[in-house]
Amino acid sequence: MITNPLEPWRSIPGRRKRASSYDRSGGNRDYVLLKPGQTETLMQHQGANGCILRIWFTLNSEDPAYLRNTLVSMRFDGTETVHKIPIGMFTATGPWAVNDVRTQPVSVMRSRKMNKDQEGTGFGSFNLVWRMPFAEEAVIQVHNTSEHEMTQHFYVDYLLDGSDERTPLLFHATHSRAIRTTPAAIEPIIGGEARNLSAADNHLIAAIDGYTGNYVGTVMAVESHPDRRGKWYEGDDMFFIDGEPWPPSLHGTGTEDYFGMAWGIHREYQSWDHGVSHYERSITDHDRFYDGRFVLFRWHLADPIPFHKCLHVSIEAGHANDCEQYYESVAFWYGRRIEQVAEGDAVSRAP
């Protein structure tokens, strides 16, 4: 029930519910208004178990940085599993502009506001179909941290009484940002090539401790400038499962390889489980071929990464961490605390 679609040809237990921004007066003002600094609760449920099936929303703000300044939080069963993550990174379009995203768990359509094309950040519709199960509580909030008012139209569609699992694997998202990574001091080997035999200097994507669960996705944004060191796309991804020593069970061969590309990042490209949603070159007049702003995603839906007590996910900022560039990431995972498993519940199967 976590990521697989429901099977409508079978009997589906439970009751369908929706929280939305429809106009309670019967008019057509089907949105909520968020003033500067305001938090709006989109959904709040307490009682029966259930599962969020789909979230749709639009945002309208005069703030050119609203994708950074609009934050999302989620709480399930008393645990805040998503803490104030910028909406652009949470939806894989990135912090700079609304881009089309065409994947199974996340889709975004850049729209023509007021039937006119919009330059710059732009606007669009956002769709999330991550399954988000809960035993008794679900809360979704949006925070407007900008100095501008914002309107939001939204649907949150969910199912109640559809499961008898007492402690489901809860949906989590973990945010990390490095305004400028620090190049590592690594001695070169013979021939002048640097080497890295540790994850200590990597960009940290997620450090999960005390949980059992499944890792299901990564979104990463990089801004590379020619006046800063490093060829960012050469960095290797590393997944250390359940406290294992070096080398990790999952050690990659380059950033572009982990995100399903090859020989660098050359254009906007999307497949169902990997791609480049933002590709922006020529941010200066003397860029190297790998400079610019890029947003990449990789969903582990067909190949989830199970862990039983902890998981450390990181990626080199360039080969042997030679970069001093902007890195930002969001990790998506399902998990529940180990003490809940010890109470006698069976471990949920991988999504």
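In the stretch 50-63, the residues that are closer than 20 Å to V106 by Cβ reach residues that are among the acidic types (D, E) and assigned to a strand (DSSP E or B) with C-beta atoms within less than 9 angstrom, at least six apart or across chains, in these pairs: I52/D157; L53/D157; R54/D157; I55/D157; W56/D157. For the stretch 47-56, state whether one or more residues are in the same structural domain as H153 (by TED's automatic domain parsing), exposed (fewer than 15 other Cβ atoms within 10 Å of the Cβ) and either of a type in the set (F, W, Y) or over 26 Å from I208 (Cα atoms) (or both). Yes, that holds for at least one residue.
Name the residue, out of D77, D117, D164, D63, that is closer than 19 Å to A19 by Cα and over 19 Å from the mean Cα position of the chain (by Cα).
On the way: D117 fails: closer than 19 Å to A19 by Cα; D164 fails: closer than 19 Å to A19 by Cα; D63 fails: closer than 19 Å to A19 by Cα.
Step by step, each of D77, D117, D164, D63 is checked, and only D77 is closer than 19 Å to A19 by Cα and over 19 Å from the mean Cα position of the chain (by Cα).
Within the stretch 76-105, the set of residues being free of Cβ contacts under 8 Å to residues at least 40 places away in the same chain and surrounded by 21 or more Cβ atoms within 10 Å (Cβ to Cβ) comprises G88, T91, V98.
All of (1) in a helix (DSSP H, G or I); (2) touching a residue at least 12 places away in the same chain (Cβ under 8 Å) hold for T151 with one exception: (1). Taken as a whole, the structure places T167 among residues that are crowded, with 16+ Cβ neighbours inside 10 Å, β-branched (V, I, T) and in contact (Cβ under 8 Å) with a residue 60 or more places away in the chain.
Tell me, yes or no, whether the stretch 129-147 has at least one residue that is of a type in the set (K, R) and surrounded by fewer than 19 Cβ atoms within 10 Å (Cβ to Cβ). First the steps, then the outcome.
Keep residues of the stretch 129-147 that are of a type in the set (K, R), which gives 131.
Filter once more, keeping what is surrounded by fewer than 19 Cβ atoms within 10 Å (Cβ to Cβ): none.
No: zero hits.
You will find that of G230, G243, the residue that is more than 21 Å from the chain's Cα centre (by Cα) and either more than 29 Å from H83 (Cα to Cα) or hydroxyl-bearing (S, T, Y) (or both) is G230 and no other. The condition of being farther than 30 Å from G47 by Cα and outside any strand (DSSP E or B) holds for P226.
Filtered by the rule that a residue be in a loop (DSSP other than H, G, I, E, B) and surrounded by 13 or more Cβ atoms within 10 Å (Cβ to Cβ), the stretch 30-46 gives D30, Y31, P36, Q38. Filter the stretch 202-232 down to the residues that are modelled with pLDDT of 95 or more and among the acidic types (D, E), then identify the one that is nearest to A173 (Cα to Cα). So, considering only residues that are modelled with pLDDT of 95 or more and among the acidic types (D, E), the one nearest to A173 (Cα to Cα) is D209.
Taking the stated definitions as given, is T181 modelled with pLDDT under 95, buried (at least 19 other Cβ atoms within 10 Å of the Cβ) and touching a strand residue (DSSP E or B) at 6+ places or on another chain (Cβ under 6 Å)? Yes, satisfied. Could you check, for the stretch 10-21, whether at least one of its residues is closer than 13 Å to N144 by Cα and of a type in the set (D, E, K, R)? Within the stretch 10-21, none of the residues are closer than 13 Å to N144 by Cα and of a type in the set (D, E, K, R). What residue, among those in the stretch 80-101 that are outside any strand (DSSP E or B) and of a type in the set (S, T, N, Q), is nearest to G217 (Cα to Cα)? That would be T91.
Go through the residues of the stretch 13-25 one by one and say whether even a single one is surrounded by 14 or more Cβ atoms within 10 Å (Cβ to Cβ), touching a Pro at 6+ places or on another chain (Cβ under 8 Å), farther than 16 Å from V139 by Cβ and hydroxyl-bearing (S, T, Y). Scanning the stretch 13-25 turns up no residue that is surrounded by 14 or more Cβ atoms within 10 Å (Cβ to Cβ), touching a Pro at 6+ places or on another chain (Cβ under 8 Å), farther than 16 Å from V139 by Cβ and hydroxyl-bearing (S, T, Y). Across the stretch 237-263, the number of residues qualifying as of a type in the set (D, E) and either free of Cβ contacts under 8 Å to residues at least 40 places away in the same chain or within 18 Å of R180 (Cα to Cα) (or both) comes to 3.
The values are calculated or read from the model by the stated rules, or taken from the named source; none is laboratory data. Just so it is clear, the model here is predicted, and its values are computed rather than measured. In this analysis, Cβ positions are derived from the backbone assuming ideal geometry, glycine residues included, and neighbour counts consider all displayed protein chains.
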